[in-house]
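Following: one structure in structure tokens, then a few remarks.
The values are calculated or read from the model by the stated rules, or taken from the named source; none is laboratory data. Just so you know, these numbers come straight off a predicted model, no measurement behind them. Note that each Cβ is placed from the backbone with ideal geometry, even for glycine, and that neighbours are counted across all protein chains shown. We work out accessible area using only protein heavy atoms, side chains counted, and drop any ligands, DNA or RNA first. Shrake-Rupley method; radii C 1.70, N 1.55, O 1.52, S 1.80 Å.
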Amino acid sequence: MARFSQQLGPAGPKMSVIQNLSTPISSSSSAFLAHSNFNTRTNYVSLPVKRIGICKCVAAVPQEAQNAHKTKVSRNANMGKLQAGYLFPEIARRRSAHLLKYPDAQVISLGIGDTTEPIPEAITSAMEKRSRALSTLEGYSGYGAEQGEKALRTAIASTFYSSIGIGEEDIFVSDGAKCDISRLQVVFGANVTMAVQDPSYPAYVDSSVIMGQTGQFRKDVQKFESIEYMKCTPENGFFPDLSSVCRTDVIFFCSPNNPTGAAATREQLTQLVKFAKDNGSIIVYDSAYAMYMSEDNPRSIFEIPGAKEVAIETSSFSKYAGFTGVRLGWTVVPKELLFSDGFPVAKDFNRIVCTCFNGASNIAQAGGLACLSPEGLKAMREVIGFYKENTNIIVETFNSLGFNVYGGKNAPYVWVHFPGRSSWEVFGEILEKTHVVTTPGSGFGPAGEGFVRVSAFGHRSNILEACKRFKQLYK
């Protein structure tokens, strides 16, 4: 198998072949149940395959570029610290390489957490109506408020925060939680220290590296210097031992967690809020999967007394309504949250939003408002229920094969342990022998080594077929 790196020169792109795709990379920055009652909903889906070239960004300067005109602008040195490619594009690259090797394979993607089920008609009809209105004098609107339309902000506050003291003035509507994470990093700047769950969503670490908050990457421990990695494993119930965590300025925390699927209890979040308050830290709480919660755990950090003084919360419609392509999310920055000099964090975030962002699409916001109508909420819960059924199928499969399986109950991700094995090795084995794409756990941090994340986002027929292949491989 070969990988390709694109080299740009005066004559345009050229493709050079580099052997041995299978070398692991580091990244800070996926006749079974014949009598099941699960809804089969769709037939097996096989997408047409295009033969394409595969491009891999490499740090070395191409030979052709050495003789080309160069500016006098230095490259951002922090970009050079990033390890290989961002995790999910790297997985896509390997999937594409696999299709070149097996062009007739029916590849099933359970890797990147991308939704697959159609957006409910109750939601798309509202977006269609808003779109058509833009072609009329009465319905046209141009730039809107960068913070989001008041009606949507009010609906988010009343739907998710009505009893915990968060108002529409605390909410900033955006094009997604991932984008807001980077905007928050701009607010914090380079001179802060950072803590992350280990394993965790790669965007937390990668954005910290890009901002200049970290030192170099240490290959011996698979960590960046100056980041506090809070180990979250089965041994500690996927919640860090805060007594051993060093004080940092900012703490990234995701619950239900991506990738482990673990959800923090009320008692654990109370400990986290106290830890932040005692240390003068700010928590950035990612609640993008809160509606998947089955157990009686907090859906929001602001359910914890005192959290408004130490926390920011990001969330998204992506995994609730299938808005991964539509792009709509929000961030809550309470007025009570202050910097060390007493200046409100919300005012600085507002300045960054107004400087870097023109506001979410008015069509997307119409969809978001429809999501929060009674009909829209019912439709979203049905889609979430469908993915949770997928999760149960995956969990049952790996349990039946004797694996230790985590997650799945409160999140659309299943965290499977392969003790003594490399995550990328298992990823490669599953892809090679079953044509199923998963996500290697080590891509989420060093504590993810030996695990693989399996996403429940998929058509039912694909989930069943993938699980059939898992059984054939590991029976």
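Above 19 Å, the calculated P(r) of the range 400-457 contains 22 percent of its Cα-Cα pairs. Under 29 Å of direct C-alpha separation, and excluding same-chain neighbours fewer than eight residues apart, residue 475 reaches these lysines: 101, 388, 409, 433. Projected label points at residue 129 and residue 373, each 7 Å from Cα along the beta carbon direction, are separated by 0.5 nanometres. Listed by chain and number, the lysines whose alpha-carbon sits under 21 Å from that of residue 347, ignoring those within fewer than 8 places in the same chain, are 150, 178, 277, 308, 335. Here r is the Cβ-Cβ distance between residue 77 and residue 357 and R0 is 22 Å; the resulting FRET efficiency, rounded to 0.05, is 0.25. Distance from the Cα centroid of the range 335-385 to that of the range 217-238 is 31 Å (rounded to whole angstrom).
Please state the shape class of the range 267-360: rounded when a/c is under 1.5, otherwise prolate if a/b exceeds b/c and oblate if not, all from the C-alpha gyration tensor. Cα axes put the range 267-360 in the oblate bin. As a length-normalised measure over Cα pairs under 8 Å and 6 or more apart, the relative contact order of the range 331-475 settles at 19 percent.
Secondary-structure-derived ellipticity at 222 nm for the chain, considering helices only, amounts to -10500 deg cm²/dmol, per-run term -39500 (n - 2.57) for DSSP H runs with n ≥ 4. Along the range 96-104 the Karplus relation, 6.51 cos²θ - 1.76 cosθ + 1.60 evaluated at θ = phi - 60°, assigns HN-Hα couplings of 5, 5, 5, 5, 5, 6, 10, x, 9 Hz to successive residues, with x for each Gly and Pro.
Between the alpha-carbon centres of the range 273-312 and the range 166-212 there is a gap of 15 Å.
For the range 228-385, what does the alpha-carbon gyration tensor say about shape, rounded, prolate or oblate, given a ≥ b ≥ c as the root eigenvalues, a/c under 1.5 as rounded, and a/b over b/c as prolate? Oblate, because a/c is 1.5 or more while a/b does not exceed b/c. Of all DSSP beta bridges confined to the chain, the antiparallel ones make up roughly 60%.
Evaluating 6.51 cos²θ - 1.76 cosθ + 1.60 at θ = phi - 60° for every residue in the range 396-412, the Karplus couplings come out as 4, 4, 5, 4, 5, 8, x, 7, 7, 10, 10, x, x, 7, 10, 7, x Hz, glycine and proline recorded as x. Of 211, 380, the order by accessible heavy-atom surface (1.4 Å probe, DNA, RNA and ligands excluded), from most exposed downward, is 211, 380. The heavy atoms of residue 453 present about 0 square angstrom of accessible area, all protein chains included, probe 1.4 Å.
Note on residue 150: accessible area approximately 130 square angstrom, rounded to 10, probe 1.4 Å, nucleic acids and ligands left out.
Ranked from largest, the principal axis spans of the Cα set of the chain equal 64, 58, 55 Å.
Residue-wise HN-Hα couplings along the range 234-240, as the Karplus relation 6.51 cos²θ - 1.76 cosθ + 1.60 with θ = phi - 60° gives them from phi, are x, 5, 10, x, 6, 10, x Hz; Gly and Pro carry x.
Among 158, 426, 255, which residue has its Cα furthest toward the positive end of the charge dipole of the chain, with +1 on Lys/Arg Cβ and -1 on Asp/Glu Cβ? Sorting the options by dipole projection puts first 426.
In a reduced charge model with +1 at each Lys and Arg Cβ and -1 at each Asp and Glu Cβ, the range 121-373 shows a dipole moment near 400 debye about its Cα centre.
Here the range 121-373 is treated as a Stokes sphere of Kirkwood radius computed over C-alpha pairs; at 10 °C and 1.306 mPa s its diffusion coefficient rounds to 84 µm²/s. Proximity of backbone amide H atoms, modeled 1.01 Å from N, is registered between residue 286 and 253, 254, 255, 314 at under 5 Å, excluding neighbours fewer than 5 places apart on the same chain. Extending 7 Å from the Cα toward the beta-carbon at both residue 401 and residue 136 defines two label points whose distance is 5.5 nm. Checking the cross-link filter: which aspartates and glutamates have an alpha carbon closer than 19 Å to that of residue 219, excluding same-chain neighbours under 8 positions apart? Candidates past the 8-residue exclusion: 90, 198, 206, 228, 425, 449.
By accessible area, using a 1.4 Å probe on protein heavy atoms only, the chain has 53% of its surface on carbon and sulfur. Using alpha carbons only, the radius of gyration of the range 109-165 set against its Kirkwood radius gives Rg/Rh = 1.09.
Per residue, the chain exposes an accessible area of 45 Å² to a 1.4 Å probe, with every protein chain left in place.
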